[in-house]
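Heads up: the structure comes next, in structure tokens.
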Amino acid sequence: MTELWALFLSAAFVDNMPLTLFLGLCTFLALSKRPESAIGLGLAMIGVLGVTVPLNWLIYHGVLAPGAWGWAGRPELDLSYLSLIAFIGVIAATVQLLEMVLDRFFPTIHAAFGSFLPLLTVQCAILAGSLFMVDRSYTLAESAVFGVGSGLGFALAVAMLGAVRSRLAYADLPNGLRGLGVAIVLTGLMSLGFASFAQMAVSQ
Amino acid sequence: MGQRVDIIGTLTAPLIRQNPVTLQILGICSALAVTTSLATAVTMSVSLTVVLTLSAVIISLIRRHLPDTIRLIVQIVMVASLVIVIDQVLQAYFSEISRDLSIYVSLITTNCLVLGRTEAFARHNPPLPAAVDAFGNGLGYSVILIVLGGIRELFGRGQLFGWQVLPLADAGGWFSPLSLMLLAPSAFFLLGGVVWAVRSVLPEQAEAPEHVPPATVRAAE
């Protein structure tokens, strides 16, 4: 249990997706102008990462991993080079499904962040979640915890940046720095803060 | 003749003026992650330019046969297949660099730059201009990556392409490396600085202020 908790914390804080691993920065910078849209993006990230990482674990270990076809008498078959296409397909389908379910059962939530749900298909952080899962050979439980944890880390970071940027609307910045420039520098400052989590250790 | 001028314009515009990273906010993720050394930055630039150009040509060739509703899926599968080829080539011939880049080569698939250019340009244009536009954008991306990678490697380790340029203090020289340069925050600061510099030189790129102080206050004083 402690190990899973440690993994959760490290996924959310130590290996924070946008701030230490530079993943998903395009949407991170584009949708953080207002806190409301930033929180919507964060919630969508938690949902999509929490679903796709375990789902891709099942697909990778059931179909693609070396030796997965041992039961069919083909233990030498190694389809892992196909994992990229399989993962992208799963992510695109999940995002589509999530959008349809939200639209059907929770129309208010769908209206709140429906417009940028399809964008999540091409979010590098989501694909990276699945790739890291393979790279670090997580178990199924670990991959679920990792997915939710890194989604939460992303949500925290984007909500914080959204809050700071909405205050900056009234700041008198140099012309060239306004907008994208200051957002990147702010992200750097937050990343400096998150770097201190690197020393974090979980006590029993 | 007009065609030729147009092609040169398409090729050079993304280098600085329409730079994909600093103006269009495309492909920032990989631009920051792989710039701890010049060698990985160059490898990443070449891989991205190849994928971008090939996918732009392919999409532009089938642009009349591609139904609008499924075009995103088709584009992504196309890009993913190209990325798998590049990844296998890198693993086979440059295994050391491939290990340094880890998952970031695979992440070219979801690099917004590739999808952004195929969506915005290749889908509506014949193969030659599409290829030129993609190649130009690839070069613009490479310029940013190489500048960032050069600065970070030079000041972080005193090296360029692994060669010791500045003699280290440990080895009897005078340069003590700034290890902050190799960490995540400095990548953000440097990119922010580059954006600031580009936008100061080209003021028309600066974003309009969100909030303009009311002029009446000053008038009332």
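The values are calculated or read from the model by the stated rules, or taken from the named source; none is laboratory data. Please read all numbers here as calculations on a predicted model, not as lab measurements. Every residue, glycine as well, gets a Cβ built from its backbone with ideal geometry; the counts of neighbours run over all protein chains shown.
Considering only region A:106-118, I want to know if a residue exists there that is in contact (Cβ under 8 Å) with a residue 60 or more places away in the chain and within 14 Å of chain B (Cβ to nearest Cβ).
Yes, there is a match, as at least one residue in region A:106-118 is in contact (Cβ under 8 Å) with a residue 60 or more places away in the chain and within 14 Å of chain B (Cβ to nearest Cβ).
Where in region B:44-121 are there helices (runs of 4 or more DSSP H), lying wholly inside it, with at least 3 residues that are within 14 Å of chain A (Cβ to nearest Cβ) and buried (at least 21 other Cβ atoms within 10 Å of the Cβ)?
Per the criteria, B:71-93, B:112-120.
Name the single residue, out of those in region A:104-142 being modelled with pLDDT of 80 or more and either in contact with a His (Cβ under 6 Å, 6 or more places away or on another chain) or of a type in the set (S, T, N, Q) (or both), that is nearest to B:Arg117 (Cα to Cα).
Among residues in region A:104-142 that are modelled with pLDDT of 80 or more and either in contact with a His (Cβ under 6 Å, 6 or more places away or on another chain) or of a type in the set (S, T, N, Q) (or both), the one nearest to B:Arg117 (Cα to Cα) is A:Ser130.
Within region A:155-169, is even one residue in a helix (DSSP H, G or I), more than 24 Å from B:Ser200 (Cα to Cα), facing chain B (nearest Cβ under 7 Å) and of a type in the set (A, V, I, L, M, F, W, C)?
no
Under 8 Å between Cβ atoms, which residue pairs at least 6 apart in sequence (or on different chains) link something in region B:42-68 that is closer than 13 Å to B:Ser142 by Cα and in contact (Cβ under 8 Å) with a residue 40 or more places away in the chain with a partner that is part of a helix (DSSP H, G or I) and among the basic types (Lys, Arg)?
Listed by first residue and then by second, the contacts come to B:Leu52/B:Arg117.
Against the condition more than 22 Å from B:Ser81 (Cβ to Cβ) and out of contact with any Phe, Trp or Tyr (no Cβ under 6 Å at 6 or more places or on another chain), how does B:Glu119 come out, does it pass?
No, not satisfied.
If B:Ala130 satisfies all but one of (1) crowded, with 21+ Cβ neighbours inside 10 Å; (2) away from every other protein chain (no Cβ under 14 Å); (3) closer than 22 Å to A:Ile88 by Cα; (4) not β-branched (Val, Ile, Thr), what's the number of the condition it fails?
(3)
When both residues are 6+ apart or on different chains and their Cβ atoms are under 8 Å apart, which pairs have a first residue that lies in region B:11-31 and is more than 14 Å from chain A (Cβ to nearest Cβ) and in a helix (DSSP H, G or I), and a second that is surrounded by fewer than 17 Cβ atoms within 10 Å (Cβ to Cβ) and of a type in the set (Asp, Glu)?
Matching pairs, first to second residue: none at all.
Under 7 Å between Cβ atoms, which residue pairs at least 6 apart in sequence (or on different chains) link something in region B:186-202 that is under 25 Å from A:Gly193 (Cα atoms) with a partner that is of a type in the set (Ser, Thr, Tyr)?
Listed pairs, sorted by first residue: B:Ala187/B:Thr35; B:Phe188/A:Thr187; B:Phe188/A:Ser191; B:Val194/B:Thr22; B:Val195/B:Thr22.
Anything in region A:178-187 that is in a helix (DSSP H, G or I), at the interface with chain B (Cβ under 7 Å from one of its Cβ atoms) and surrounded by 22 or more Cβ atoms within 10 Å (Cβ to Cβ)? List them, or say none.
Matches in region A:178-187: A:Leu180, A:Gly181, A:Ile184, A:Thr187.
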